[in-house]
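Notes to accompany the following structure.
The values are calculated or read from the model by the stated rules, or taken from the named source; none is laboratory data. These numbers come from a predicted model, not from an experiment. Every residue, glycine among them, receives a Cβ derived from its backbone with ideal geometry; neighbour counts consider all protein chains shown. The area values use the complete protein model at the heavy-atom level, side chains included, leaving out ligands, DNA and RNA. Shrake-Rupley method; radii C 1.70, N 1.55, O 1.52, S 1.80 Å.
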Amino acid sequence: MTATPSTTKTDNEADARATAAEEPVAAAGTAADPAAEAPDDIAEAEAEGADEDELDDDVPPAAPVRTGIGAGAAAVVSGALGLASLTGTWTGKVLSERETLLGQIKTAQGGSASAQIHEIYGDSWHTTAAVNGTFALLALLVGAFVLARPAFGAPDAQPQPGWVRAVALGGVVLGAIGLLLSVGMYFDLFATLPSTGS
């Protein structure tokens with residue numbers, strides 16, 4: 001009679017040990033399931049990445065942004081040329097002095113007063129007017145090109161900055177004024193050469 005209770009107790013302990021041993025195995029199996037599913041997740045992520053790459057390949061590259069540096073530089077050049085046509089240039093001064101020297105050489109052996117005036121002063125005067133007129137014409141052409149450039153070629157989403165148009169317009173105006181003055185001075189419309197007649 002005493003052996004039966006101890007056998008029952010032993011059986012209960014064995015069952016408890018077996019249950020405890022099965023629980024880590026089940027836990028291990030449960031923990032193993034995500035590891036087993038990990039390759040599938042990696043494959044799906046790679047597939048999604050490939051789809052995103054394909055979408056990126058389909059997107060056209062962005063158009064380069066035009067900064068308008070060339071137009072701005074041309075506008076400044078136009079303004080500078082227009083100002084130079086009104087104030088005179090080093091080139092015009094040198095060529096004018098050359099014509100004066102040539103006139104002195106030509107009249108060194110003698111000549112009438114009107115010939116000396118024409119050779120020494122007239123040619124120098126006309127040379128200065130021609131050089132200034134050339135600068136004025138260049139200012140007019142460059143400024144007009146800057147202003148007319150947006151009307152030709154592909155349309156631009158960003159229009160020219162206001163300062164570029166303003167400087168180019170200033171160059172055109174200065175060039176036009178310089179050209180008119182140069183033409184008038186070259187053909188003696190504003191002032192004539194001195195006369196020796198009384």
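This model, with +1 at the C-beta of Lys and Arg and -1 at the C-beta of Asp and Glu, gives region 98-198 a dipole about its Cα centre of some 200 debye. If you sort Y186, Y121 by accessible surface, 1.4 Å probe, largest first, the order is Y121, Y186.
Sorted on the mean count of surrounding Cβ atoms within 10 Å across their residues, most packed first, peptides 106-116, 167-177, 84-94, 68-78 read 167-177, 68-78, 84-94, 106-116. For R98, the accessible surface of its heavy atoms amounts to roughly 130 Å² (probe 1.4 Å, protein chains only, rounded to the nearest 10).
When the accessible area of region 84-148 is computed with all protein chains present and a 1.4 Å probe, what percentage of it is carbon and sulfur? Ligands and nucleic acids excluded, carbon and sulfur give 66 percent.
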